[in-house]
Amino acid sequence: MRIATVLRNDDFTREVCRQLREKLLRPGSPFRFVEHPDEEPDMVLSIGGDGTLLEAVHQYGFEPAYVGIHTGHLGFYADWHPDELDSFVEVLMAENKPYLAEYPIVQCQIHTRDGQTYDKWALNELVIRNNSLSTLVACVYINGDEFETFRGDGLIVSSPSGSTAYNKAVNGALVHPSIEAIQLSEIASINNQAYRTVNSSLVLPCHHEVEIIVMNPEIMIGLDREQAVWQDVRSITCRVGSRKVKFARYKKMTFWSRVRKSFITG
Ligand code: NAP
């Protein structure tokens, strides 16, 4: 089995990785560590936080299965604590097939005014904001029908697994990752006598499409960890992606128990 690692940049994380490699590379080991996506790893170990996992997924794509070891607090994408390295090595050595949890992504197309189209995707979310303190103005269409004109700080289109991230901070709903859906949430919309939005998050099923027609000449677009300023964007369309990110689950931990541990009991 070819294994790649993606690490958070701190000494503790590097030490956890060193120990894990040592445990996995005993004589006769079936494991080989690879360093580059071209070497097509079967598994990618993300050691760090959920942010590290996002980085890993954008680096290695949809083919490998991902496993997260959290070297900070419990994560939404990471199952293993650094104290559990021996148990983790044991289940890997046992060659039992893990349960593969497949998480939907947000698939986006960014259309610029000069006719170019850029295909992008996000495991957590796409974020659109104006590139200044003035409001973002955008017309929202759902499946080709006009829905609303948004004025405010920004819009988030999140996946189910991203629903616990930025989306949650703007009071979006938490969506179980087995549901193939995207969620459109508002960041500080203006709602007064002149301007009106639905002011609730919308959960759209698979095959529905949200189109956001941008009025501002310059906007900021965030896709998971990556953010960039874009000029002359005409519109952005989002739907549930046809590909999913695979997580190798060697131990049972439900999504709702993660929600409880992360947000209620700690
Ligand atoms: P960051 O600003 O350093 O960290 C953002 C926090 O979000 C971290 O605590 C991260 O967990 C956590 N996180 C990431 N994905 C999550 C998920 N699916 N569910 C619950 N929590 C999650 O940024 P980053 O580490 O590069 O992560 C990028 C993400 O930050 C974006 O995708 C966005 O969702 C989130 N973000 C949130 C807000 C907000 O809540 N107001 C604002 C901007 C961006 P770890 O500590 O385990 O890495």
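The values are calculated or read from the model by the stated rules, or taken from the named source; none is laboratory data. Given the structure is predicted, the values throughout are model-derived calculations rather than measurements. Here the Cβ positions follow ideal geometry from the backbone for every residue, glycine too, while neighbour counts run over all protein chains shown.
Residues that are over 17 Å from G162 (Cα atoms), small (G, A, S) and not in a helix (DSSP H, G or I) within region 62-92 comprise A65, G72, listed in sequence order. Only one of the numbered conditions (1) in a strand (DSSP E or B); (2) under 18 Å from the mean Cα position of the chain (by Cα); (3) within 16 Å of the ligand (Cβ to nearest atom) is violated by D153, and that is (2). Quick check: anything in region 1-16 among the acidic types (D, E), touching a residue at least 40 places away in the same chain (Cβ under 8 Å) and closer than 21 Å to K251 by Cα? Checked region 1-16: no residue is among the acidic types (D, E), touching a residue at least 40 places away in the same chain (Cβ under 8 Å) and closer than 21 Å to K251 by Cα.
Where strands (runs of 3 or more DSSP E) fall entirely within region 1-53, those with at least 3 residues that are surrounded by 21 or more Cβ atoms within 10 Å (Cβ to Cβ) and within 16 Å of the ligand (Cβ to nearest atom) are at 43-48. Considering only residues in region 165-177 that are crowded, with 20+ Cβ neighbours inside 10 Å and over 20 Å from S189 (Cα atoms), the one that is farthest from the chain's Cα centre (by Cα) turns out to be V175. Inclusion of Y118 among residues that are surrounded by 12 or more Cβ atoms within 10 Å (Cβ to Cβ), in contact with a helix residue (DSSP H, G or I) (Cβ under 6 Å, 6 or more places away or on another chain) and either at pLDDT 95 or above or in a strand (DSSP E or B) (or both) is not warranted. Comparison of S159, S185, S201, S242 shows that the only residue that is within 16 Å of the ligand (Cβ to nearest atom), closer than 14 Å to P104 by Cα and either touching a strand residue (DSSP E or B) at 6+ places or on another chain (Cβ under 9 Å) or in contact (Cβ under 8 Å) with a residue 40 or more places away in the chain (or both) is S159. Among the residues of region 101-144, the ones that are within 13 Å of the ligand (Cβ to nearest atom) and among the hydroxyl-bearing types (S, T, Y) come to 1 in all. Considered as a group, the residues in region 214-229 that are crowded, with 18+ Cβ neighbours inside 10 Å and more than 24 Å from D50 (Cβ to Cβ) include one that is nearest to the ligand (Cβ to nearest atom), and that residue is I219.
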